[in-house]
Amino acid sequence: MTQDTPSVGLYVHWPFCLSKCPYCDFNSHVRERIDQKRFAAALRQELATEAARLGRRPLRSIFFGGGTPSLMDPQTTADIIADARRLFDADPNIEITLEANPTSVESANLAAFAHAGVNRVSLGVQSLNPDALRFLGREHSARQAIDALEIARRLFGRISFDLIYARPGQTLEAWTAELDTALALVSDHLSLYQLTIEPGTKFEGQYRQGLFALPDEDDAARLYEETAAVAARHGLEAYEVSNYARPDAQSAHNLGYWRYQDYIGIGPGAHGRVTRDGDLWATRRHRAPEPWAERVEQTGDGTMQSDALSTQDKAREMLLMGLRLTEGVSEAAFAGRTGMTLQAALDPTIFRAAIEEEYLIHDHDEHGPRLRATTSGRLRLEALLGALVL
Ligand SMILES: C[S@@+](CC[C@H](N)C(=O)[O-])C[C@H]1O[C@@H](n2cnc3c(N)ncnc32)[C@H](O)[C@@H]1O
Ligand code: SF4
């Protein structure tokens, strides 16, 4: 890889779901009928346009996210993978992930996705507790989630699953048992999200009306700490705020985001960060699926916004992403990517205070100096960086 041809990851957004989960504010939409052919053609067109703009670059990873990409026609997945391999320099063993929901229909399709070239699956299990699944408005049962994990284990070399914790009334004992059951089935990679109440979701209204309460901060912190202990018993290390993996099973695609490397985002609402003409560009596609497709059909891509990032923008973004990782941010990588030294980017008084308060650690490893956040620093990263970055 040279300076002129930075490698890229490819994110593909499929914006449709069977139903809208009451907690979710992702760009996902429910439609009675989906014009699969139209959306497949638009995704392929947007990829071709982007490849023509960027030139042939090394391709690190492909990630089909959503929405629910397991509702995509597997042939579309195969076509996009083939296009990406043709348009970019892809490693033959490139990581190709698909997010899948564990309904029985989708599990039945997993073999077709494996055949299409997907080699890593990320299952939206969310919980193995029937009451919690009902509360979360999921379309699948705990049994179906377990079946999906077992089917995935037969088909894919690499599996991750998502769980949501800090749910109403969740006890430490019940959480430990649930996590143990799931990790006994699959212990490669786990993404764990604390239930948050997002603006505009069904849960926001219900929560405001007092229809349910969430665990307080201390209880949520205890559940989080217990997670690391259970994961460690199953051989998984916390390598990012919400992600645990065996040492050889970290997500290459997501590491690309956290290490602030280039990625292309195609599909409705997808974001990208791409180096072009000496600048780092932040790109965003039109969010609504049909207007996005129309735009792609008319102009070749559905870009809504494309901005060259300033040095300060890059510094803030790189720290916000990189300090989520246990490995932190290397000073050399920071200077290479942003064009400024770490010292020049930070307010010296706040930096000293953050070290003294044990939110940040400034030390060396074999590659030189690096900045890392402690667990308590990681949990208040946005507020910390808001004050810290000049
Ligand atoms: C793009 S979404 C889901 C992919 C897939 N459609 C599914 O539902 O499994 C990625 C993950 O974000 C998490 N998530 C979404 N909204 C959340 C919220 N408000 N609180 C906690 N986790 C959330 C869920 O665990 C979900 O699996
Ligand atoms: S959590 Fe997944 S299935 Fe539910 S609405 Fe969000 S993207 Fe769709």
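The values are calculated or read from the model by the stated rules, or taken from the named source; none is laboratory data. These numbers come from a predicted model, not from an experiment. As a convention, Cβ positions derive from the backbone with ideal geometry for all residues, glycine included, and neighbour counts pool all protein chains shown. We work out accessible area using only protein heavy atoms, side chains counted, and drop any ligands, DNA or RNA first. Shrake-Rupley method; radii C 1.70, N 1.55, O 1.52, S 1.80 Å.
State the extension gain, in nm to one decimal, for the chain segment bounded by Ala228 and Ala112, taking 0.36 nm per residue of separation less the distance between their alpha-carbons.
Details: separation 116, 0.36 × 116 = 41.76 nm, distance 3.41 nm.
Contour length minus the Cα-Cα distance gives 38.3 nm.
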(message) Can you compute the modelled spin-label distance between Thr311 and Thr326, with each label point 7 Å from Cα toward Cβ, in nm?
(response) 3.5 nm
(request) Whole Å is fine, so just give me how far the alpha carbon centre of region 271-334 lies from that of region 1-76. (result) 15 Å
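Evaluate E = 1/(1 + (r/R0)^6) for Ala335 and His29, where r is the Cβ-Cβ distance and R0 equals 25 Å; express this FRET efficiency to the nearest 0.05.
0.05
Once the piece of chain linking Arg246 and Arg143 is laid out straight, how much longer is it, given 0.36 nm per residue of separation minus the C-alpha distance between them? It would help to have the intermediate numbers written out before the result.
Details: separation 103, 0.36 × 103 = 37.08 nm, distance 2.54 nm.
Here the segment from Arg246 to Arg143 would lengthen by 34.5 nm.
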(request) Run the numbers on region 116-263 and let me know its relative contact order in percent, using alpha-carbon pairs under 8 Å that are six or more apart. (result) 22 percent
(request) Normalise the Debye intensity by I(0) for region 229-310, one equal point scatterer per Cα, no solvent, then take log10 at q = 0.15, 0.22, 0.26 Å⁻¹ and round to two decimals. (result) -0.69, -0.96, -1.13
(request) At 0.36 nm per residue, minus the direct Cα-Cα distance, what do Arg259 and Glu297 gain on full extension? Give it in nm, one decimal, please. (result) 10.3 nm
(message) Of Ala52, Val118, Gly9, which is farthest towards the positive pole of the chain's charge dipole, taken about the Cα centre with +1 and -1 on the beta-carbons of Lys, Arg and Asp, Glu respectively?
(response) Ala52
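Quick one: ranking Trp14, Trp281 by accessible area, 1.4 Å probe, largest first, what do you get?
On the way: Trp14 5, Trp281 55 Å².
So, going from the largest accessible area down, we get Trp281, Trp14.
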(message) Rounded to the nearest 10 Å², what accessible area does Glu225 have for a 1.4 Å probe in the complete protein model?
(response) 120 Å²
(request) Name the long-range amide H neighbours of Ala100: under 5 Å, sequence gap of 5 or more, or other chain; modelled H, no Pro or chain starts. (result) Ser122, Leu123, Gly124
(message) List the lysines whose Cα sits under 27 Å from the Cα of Lys202, skipping any in the same chain fewer than 8 residues away.
(response) Lys20
(request) Over region 311-373, calculate the relative contact order: mean separation of alpha carbon pairs under 8 Å at least 6 apart, over the residue count, as a percent. (result) 39 percent
(request) Might you report the magnitude of the Cβ-based charge dipole of region 256-340 about its Cα centre, with Lys and Arg at +1 and Asp and Glu at -1, to the nearest 20 debye? (result) 220 debye
(message) Can you work out the Karplus-derived ³J(HN,Hα) for every residue in region 10-17? Use 6.51 cos²θ - 1.76 cosθ + 1.60 with θ = phi - 60°, whole Hz, and x for glycine or proline.
(response) 10, 10, 10, 9, 9, x, 10, 9
(request) Using Cα pairs closer than 8 Å and at least 6 residues apart in sequence, work out the relative contact order for the chain, in percent. (result) 15 percent
(message) If you average the C-alpha positions of region 347-382 and of region 121-159 separately, how far apart do those two centres end up, in angstrom?
(response) 37 Å
(request) Read phi for every residue in region 296-307 and hand back ³J(HN,Hα) as whole Hz from Karplus 6.51 cos²θ - 1.76 cosθ + 1.60, θ = phi - 60°, with x for Gly and Pro. (result) 5, 4, 7, 10, x, 7, x, 5, 9, 8, 8, 10
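Ignoring ligands, DNA and RNA, please state the percent of accessible area on the chain from carbon and sulfur, probe 1.4 Å. All intermediate terms of the calculation are to be shown ahead of the outcome.
Values: 8740 of 17480 Å².
Solvent-exposed carbon and sulfur of the chain make up 50 percent of the total.
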(request) Using a 1.4 Å probe and counting only protein heavy atoms, arrange Asp216, Asp365, Asp162 so the residue with the most accessible area comes first. (result) Asp216, Asp365, Asp162
(request) Enumerate the calculated ³J(HN,Hα) couplings along region 141-153 in order (Karplus 6.51 cos²θ - 1.76 cosθ + 1.60, θ = phi - 60°), each rounded to whole Hz, writing x wherever the residue is Gly or Pro. (result) 8, 5, 4, 5, 5, 5, 4, 4, 4, 6, 5, 4, 5
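With a 1.4 Å probe and all protein chains in place, put Arg33, Arg85 in order of accessible area, largest first. The partial results should precede the final answer.
Working: Arg33 180, Arg85 95 Å².
Most to least solvent-accessible, the answer reads Arg33, Arg85.
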(message) Of Leu323, Ile96, Gln261, which is farthest towards the positive pole of the chain's charge dipole, taken about the Cα centre with +1 and -1 on the beta-carbons of Lys, Arg and Asp, Glu respectively?
(response) Ile96
(message) Using the basic label-point model (7 angstrom from Cα toward the beta carbon), what is the Ala48 to Thr176 distance in nanometres?
(response) 5.7 nm
(message) Can you compute the charge dipole magnitude of the chain about its Cα centre, using +1 on each Lys and Arg Cβ and -1 on each Asp and Glu Cβ, nothing else charged? Give it in debye, rounded to the nearest 20.
(response) 960 debye
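On average, how much accessible surface per residue is there in the chain, in Å², for a 1.4 Å probe, leaving out ligands, DNA and RNA? Could the numbers behind the result be given before it?
Working: 17480 Å² over 390 residues.
Heavy-atom SASA per residue in the chain reads 45 Å².
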(message) Under a crude label model (7 Å from the Cα following the beta-carbon direction), how far is His364 from Ala344 in nanometres?
(response) 2.3 nm
